[in-house]
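Accompanying notes for the structure given below.
Derivation of every value follows stated rules applied to the coordinates shown; laboratory data play no part. On a predicted model such as this, the values are computed, not experimentally measured, just so you know. Positions of Cβ are generated from backbone atoms using ideal geometry, with glycine treated the same way; all protein chains shown enter the neighbour counts.
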2 protein chains.
Amino acid sequence: MSERARTPYILLGLLCHEPMTGYELNATIQRTVGHFWQESFGQLYPTLKDLHARGLVSMSASAAGGRDRKVYTITDDGRAALFRWLAEPPQPSVVRSELLLKVFLASLGGVDDLRPHLEAAVRAANAQITHLTAVRAAVDAEPATEHQRRCWLLTVDLGLRSAEATRAWAERALSEGT
Amino acid sequence: MSERARTPYILLGLLCHEPMTGYELNATIQRTVGHFWQESFGQLYPTLKDLHARGLVSMSASAAGGRDRKVYTITDDGRAALFRWLAEPPQPSVVRSELLLKVFLASLGGVDDLRPHLEAAVRAANAQITHLTAVRAAVDAEPATEHQRRCWLLTVDLGLRSAEATRAWAERALSEGT
DNA sequence: CTTCCATATATCTGACAGATATGTCCGAAC
DNA sequence: GTTCGGACATATCTGTCAGATATATGGAAG
């Protein structure tokens, strides 16, 4: 686990609130930050193992009672590592838009191929707006401090603005498409 | 090279315009689609080798005259593969915003740590807007058809809208920050 | 009673970014 | 005239990560 890895920190961040299993961590990520952050089990489980080996989390396994279950709890070292990382300037995200690539390359094959892609983009943006509006409503229902809700709503807000910008762009491109 | 790989297609797309070396392909990518697509040499050179092995591009090496130089030209098979891919619906991009992750987790450590990150985001958005405005001006100077310019400008336009949305969001977050 | 879904863990493959290594050619400073 | 830096040019290696796959349990619906 080098400098660049970020999976450790989202896990440490969520474990600050309460101890969880890997499965629960994944579900929580999807529910709370799924609109701007994804994790996969292929990344999650090895990272938890590594975090445990480095003493940033502690683990309590309960194979008894049938179902496998490993509950992870953040340690003081883990909290320290997280806060150190949070203070560092965030690295710019690597963007790779397949939609825009196809728009750019559409100059090769005619705009007719492009229309379905733009229509799909409008539908996706609308779905995203619907989803984020529901998330925004859910945040208020969440048992959390006012400050926590404000930070969370901030992330939802940028998601909404981006989705709306994308929708407006795609609709304009469709109406202009000669 | 599986179904999911997209590096091959940007290379094929650019080689539709003119034969190029790997180095020139990288420079062209940065100049034309750098605002929404990046490539690295570690991905580019092996992909060109593979594309050649599969007969989607032809290669003409000229080690003579000192400097190494391999010029790649797209084949009919390459063009066919590209157009097949362009017709497929674009896969949604995986988003992973380190800035938003730190905003979300800021509920743990106080907003004071957040302000420098938001100020950096405003600066980055301004830089991006400046850059894309310059790109937009450069597109008109480019020797290309009207249709090509339209497709290209469309990608620049979404970049500008996104950057403006991000700037507005970050400025609002800063002014609201109690 | 079995089929389907949520819970739960784990590994493997392939895509990809970033770093590193190596070497040439050319123009400018010195 | 030579050395130094930057553009040109190729290539590989490491580590991060997404997605697919494998495996197994418990509970609810049918």
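Once C-alpha pairs closer than 8 Å and six or more residues apart are averaged by separation and normalised to the residue number of chain B, the relative contact order reads 19 percent. Rounded to the nearest Hz, the phi-derived 3J(HN,Hα) couplings of region A:39-52 under the Karplus curve 6.51 cos²θ - 1.76 cosθ + 1.60 (θ = phi - 60°) are 10, 10, 4, x, 9, 5, 5, x, 5, 4, 4, 5, 4, 5, where x marks glycine and proline. Annotation for B:PHE83, label-to-label distances across the other copies: 6.2 nm (shortest first, one decimal, point 7 Å from Cα along Cα→Cβ). Couplings 3J(HN,Hα) for region A:84-94, derived from phi with the Karplus relation 6.51 cos²θ - 1.76 cosθ + 1.60 (θ = phi - 60°), are 4, 5, 4, 6, 5, x, x, 6, x, 6, 6 Hz, where x marks Gly and Pro.
Distance distribution P(r), chain B, all Cα-Cα pairs, bin width 10 angstrom from 0: 8, 28, 28, 21, 11, 4, 0 percent. Dipole check for region A:7-87: with +1 at the C-beta of Lys and Arg, -1 at the C-beta of Asp and Glu, and the Cα centre as origin, the magnitude is about 60 Debye. Against chain B, whose longest principal axis comes from its Cα atoms, helix B:22-33 is set at around 40 degrees. Dividing the radius of gyration of the alpha carbons in region B:98-176 by their Kirkwood radius gives 1.16 for Rg/Rh.
Pairs of Cα atoms under 8 Å, at least six residues apart: use those to get the relative contact order of region B:7-87, whole percent. Let's see the in-between values first.
Working: 88 pairs, mean separation 29.9, N = 81.
Answer for region B:7-87 is 37 percent.
Of B:PRO90, B:PRO46, B:PRO19, which has the largest mean-square fluctuation in a 10 Å C-alpha GNM of chain B? Per the Cα network of chain B with a 10 Å cutoff, B:PRO90 tops the list. With just the Cα atoms defining each centre, how far is region B:59-104 from region A:67-144? Give it in Å. When both Cα centres are located, 23 Å separates them. Considering only B:HIS117, B:HIS131, B:PRO46, the residue lying farthest towards the positive end of the dipole of region B:18-140 is B:PRO46, judged by Cα position with unit charges set on Cβ.
With charges set only on the Cβ (+1 for Lys and Arg, -1 for Asp and Glu), what does the dipole of the protein assembly as shown come to about its Cα centre, in debye to the nearest 20?
Numbers: 40 positive and 40 negative charges, 83 e Å.
With Lys and Arg at +1 and Asp and Glu at -1, about 400 debye.
Candidate cross-link partners of A:LYS70 among the aspartates and glutamates, defined by an alpha-carbon separation under 13 Å and a same-chain spacing of 8 or more, comprise A:GLU24. To the nearest 10 degrees, how steep is helix B:146-176 against the longest Cα principal axis of chain B, on a 0 to 90 scale? With rounding to tens, the tilt is 20 degrees.
Amide H contacts under 5 Å for B:VAL57: B:HIS52, B:THR75, restricted to partners 5 or more places along the chain or on a different chain, H placed in the peptide plane at 1.01 Å from N.
Averaging the sequence gap over all C-alpha pairs within less than 8 Å and six or more residues apart, then dividing by the number of residues, gives region A:86-178 a relative contact order of 37 percent.
Shortest first, A:ARG4 label-point distances to identical copies amount to 1.7 nm, with the label point at 7 Å from Cα along Cα→Cβ. The shape of region B:7-87 can be summarised by an equivalent ellipsoid whose semi-axes, obtained from the alpha carbon gyration tensor, come to 20, 16, 10 Å from longest to shortest. For A:ARG31, the label point sits 7 Å beyond Cα toward Cβ; its separations from the matching points on the remaining copies run 5.1 nm, from shortest to longest. Amide H contacts under 5 Å for B:MET20: B:TYR72, restricted to partners 5 or more places along the chain or on a different chain, H placed in the peptide plane at 1.01 Å from N. Give me the mean projected area, in nm² to one decimal, of the convex hull enclosing the Cα positions of the protein assembly as shown. Averaging across all directions leaves 21.9 nm² for the Cα convex hull. Taking the longest Cα principal axis of chain B as reference, the axis of helix B:115-141 is set at about 40 degrees.
Of all beta-carbon atoms in chain B, the one sitting closest to the axis that brings chain B onto chain A gives B:ALA165, 2, with the distance in whole angstrom.
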